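Scroll down for the structure; my scribbles are underneath it.
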Amino acid sequence: MSDSVAPSLSVPSRRGRRGAEVALALALLALLLAAPFYVGTEFALRIATLCCLFGTMSLGWNLLGGYANQISLGHAVFFAVGAYTTGLLEIDLHVTPWLGIPAGMGLAVLVGIGIGIPTFRLAGHYFALGTLALLQIGDILFTYYRQFTGGTLGLTLPILGYRPEMFSFKYPIWYFYVAAGMMVGALLASRLVLRSGLGYRLRAIKENPLAAQLAGIDLLRTKLTALAISAAVVAAGGGFYLQFIQFIDPDSAFSFQTSINMALFAIIGGVNSWWGPALGAMLLVPLSEYTSLQLTGRLAPLGPLAYGLLLILVILLRPRGLAEWLLRLWERLWRSPA
Amino acid sequence: MALYQALLNGLLIGGVYALISIGLTLVFGVMDIVNFAQGEFLMIGMFLAFFAHQLFGLDPLVASVGAGLLVFALGVLVERVIIDPIIEAPPLAQIFATVGLSIVLSNAAAAAFGNEYHGVTTPYGAVSVPLPGAHLSLSYLLAFACAAVAASLLYLFLNWTDLGRAMRATAQNRNAAVLLGINPRAMYMLAFGLGVGLAGFAGAVILPYTVAYPAIGSQFVLIMYTVVVLGGLGSVRGAAVAGLVIGVVQSVSTVFLATELQNLVVFVIFVAALILVPGGVLQNVRLRRA
């Protein structure tokens, strides 16, 4: 509120804010990339890897869900396409995941366009409902065509030992650095899209689709472009997930929880920010991994319960997300002496 | 013969789908909110009936009225605390507020009651009524009858009482209703309470032929949306008819298709209905809402 008191002040402060944003995002990224130097256990390194993985997927979801407010509850479909493409290519055709992951991304783009053309006729809640149904349809089909997908037994990757050319590494730290590289790529994509013409068009659609159309924006084309990029990013996450976890089945691939998590991290981090979703994942993934380790049996539901409460609280109290809130804190910190 | 039997079962189950979906469509019609937690209120109704049976020996059908009223009260409270602040918010906040609510409710139930199946044994649970060429399960029949009574009462309420008319007026045109002296926020509270209360009631009446567990809400989620979309968003009569149709489609498709594919037909109908409704879904809402 305070930065909009006088227009003459708000212009330089906005430029300053952009710098502050980059500085803050880089600081957090450095904190994450340095994780191997300060985390002691393999479990902690695994969490850091998952942070990067879910951060990537959440950034991907946000390109469409956050920037354009097209809420997809079915983005796990792209995760599944990425994971299954990589896995089936490796198991059936012995194709290296280094090619399998890009193949999965490409296929996810095609699937995304196939899904987007009919479903983008729907607005608001209806788009969310339609994408949710697609998730269920995918789950049913992948379970049914078991000769192709392994059905409920899922896919288990062969143990290859040390074969980096087949995405099989000696030390867990290598998986971490690959995931971190993936997230840096997603962050760059997120910032590029936000600052590009596409980003402006998406925000116009978010503010007022009718006005955007009147201003000459091709709604379908803009949304499809964002969906294609978004699908590719999420599919990369799916491909990596399979290599890291080594197992996938229809229920874990087409999980509503995966879809919700992508959106959840973005909302908690801040959907209008290019780095907010990564921040959300960095905060929530460790929380959820540690609580699921500590709380077992009857107490196990308390972890997801806290998740749901946090989601409601952020929506009611901090609807712009924590990235925005951190930026405010940062600005106050730098300005307070003056 | 199997087809005839499936048709009858489908109709009976469809009656309950209709009732749950009427609750959802009412909330949508009046408030423009899709309640993603509707299935969880059904689950709460089931658990209330289960505990009424365990603690007081009440039959679920007797307890259903009390369960419906308690869930109604919970719904009013939830509307005040969570829904009212986001009623004008963008879809992102609206969708994830109720998604968050569904996560909270199902996990709270899991923490409190455990993930085991909770069922009750009733004197009529295993009774079947012979018909020429088929037989009806008495518990299906009773659940259907309860759902039909509740739906009829709601219909009378909406059409013949001032409060019901005020609620329909709010659904048709919020601003005009305000000008006529109707307090829309009171209507939202009442509509949300009624909408989830119906689900709670439905949960209690189906307990004799199914089991309660914390995640059962998710079983009904897409079926409810399918019914609501097919019937025309916001249309109570449409939801009643579409509920029966979906019950029959689901039941009959098990005769022809593998068990794994049971719900596929329903979901495909759902996506097709969403996309193919002439003139787009949104316009249809405006026309049909009365």
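Coordinate-derived values only; no laboratory data. The structure displayed is predicted, hence computed values, not measured ones. Positions of Cβ are backbone-derived with ideal geometry, glycine not excepted, and every protein chain shown enters the neighbour counts.
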From largest to smallest, what semi-axes in whole angstrom does region B:141-290 give when each is the square root of 5 times an eigenvalue of its alpha carbon gyration tensor?
30, 20, 13
Report, largest value first, the span of the C-alpha coordinates of region B:1-100 along each principal axis, in whole Å.
51, 39, 20
I need the phi-derived Karplus couplings for region A:281-293: 6.51 cos²θ - 1.76 cosθ + 1.60, θ = phi - 60°, integer Hz, Gly and Pro marked x.
5, 4, 7, 8, 4, x, 4, 6, 5, 5, 5, 6, 6
Computed FRET efficiency, Cβ-Cβ of residue A:23 and residue A:208, R0 30 Å: what is it to the nearest 0.05?
0.35
Amide H neighbours of residue B:128 at under 5 Å, excluding residues fewer than 5 places away on the same chain, with H built from the backbone geometry, are B:138
Just tell me how shielded B:101-107 is by partners: mean number of partner chain Cβ atoms within 10 Å of each residue's Cβ, no decimals.
6
Counting only GluC sites (Glu not before Pro) that are in a DSSP loop and have at most 13 other C-beta atoms within 10 Å, tell me the longest site-free stretch of chain B.
B:117-290
Using only Cα atoms, tell me the angle between helix B:60-78 and the longest principal axis of chain B; keep it within 0 to 90° and round to the nearest 10.
30
Check residue A:154: other-chain or 5+ apart residues with amide H under 5 Å from its amide H, H built from backbone geometry?
none
Residues A:139, A:218 arranged by fewest to most Cβ contacts within 10 Å:
A:218, A:139
Going through region A:72-172, which trypsin sites (Lys or Arg not before Pro) have at most 15 other Cβ atoms within 10 Å and a DSSP loop state?
A:170
Tell me the relative contact order for chain A as a rounded percent, counting alpha carbon contacts under 8 Å between residues six or more apart.
31
Rounded if a/c under 1.5, otherwise prolate or oblate - region B:1-56, Cα gyration tensor axes:
oblate
So what's the back-of-envelope 222 nm ellipticity for the protein assembly as shown, counting only DSSP H runs of four-plus at -39500 (n - 2.57) apiece and dividing by all residues, rounded to 500?
-25000 deg cm²/dmol
Per residue of region B:39-55, in order, report the coupling 6.51 cos²θ - 1.76 cosθ + 1.60 (Karplus, θ = phi - 60°) as ³J(HN,Hα) in whole Hz, putting x for Gly and Pro.
x, 6, 5, 4, 4, 5, x, 5, 5, 4, 5, 4, 6, 4, 6, 5, 8
Amide H to amide H, which residues 5 or more places from residue A:168 or on other chains are under 5 Å from it, using H placed in the peptide plane?
A:163
Kirkwood Rh and Cα Rg combined as Rg/Rh, chain B
0.96
Rounded to the nearest whole Å³, what is the per residue volume of the convex hull around the Cα atoms of the protein assembly as shown?
175
Net charge dipole size for chain A [Lys, Arg +1 and Asp, Glu -1 on Cβ; Debye, nearest 20]
1060
If every Lys and Arg gets +1 and every Asp and Glu gets -1 at its Cβ, then about the Cα centre chain B yields a dipole, in debye to the nearest 20, of 700
Can you give the mean number of other chain Cβ atoms that lie within 10 Å of the Cβ atoms in peptide A:295-303?
3
Given contacts defined as C-alpha pairs under 8 Å and at least six residues apart, what's the relative contact order of chain B, whole-number percent?
39
Taking only Cα atoms of region B:132-173, radius of gyration then Dmax in Å
16.1, 50
Which one, B:113, B:161, B:73, is farthest towards the positive end of the dipole of the protein assembly as shown when Lys and Arg carry +1 and Asp and Glu -1 on their Cβ?
B:161
Using Cα atoms only, what is the angle between the long axis of helix A:42-65 and the major principal axis of chain A, expressed in degrees (0 to 90) to the nearest 10?
60
Name the chymotrypsin sites (Phe, Trp or Tyr not before Pro) in region A:141-197 that are in a loop by DSSP and that have at most 10 other C-beta atoms within 10 Å, would you?
A:162
Convex hull of chain A built on C-alpha atoms - directionally averaged projected area, nm²
19.2
Using θ = phi - 60° and the Karplus relation 6.51 cos²θ - 1.76 cosθ + 1.60, list the HN-Hα couplings for region B:222-237 in order, rounded to whole Hz, with x at every Gly or Pro.
6, 4, 4, 5, 4, 4, 5, 5, 4, x, x, 4, x, 9, 5, 4
So if I restrict to the alpha-carbon atoms in region B:106-187, what is the Rg, and what is Dmax, the biggest pairwise distance, in Å?
21.1, 58
Compute, for region B:1-137, the length of the dipole vector about the Cα centre, with Cβ point charges of +1 (Lys, Arg) and -1 (Asp, Glu) only. Units Debye, rounded to 20.
240
Sequence ranges A:92-98, B:146-152, B:21-27, ranked by mean other-Cβ count within 10 angstrom, highest first:
B:21-27, B:146-152, A:92-98
Label point distance in nm, residue A:31-residue A:195, each placed 7 Å from Cα along Cα→Cβ
2.3
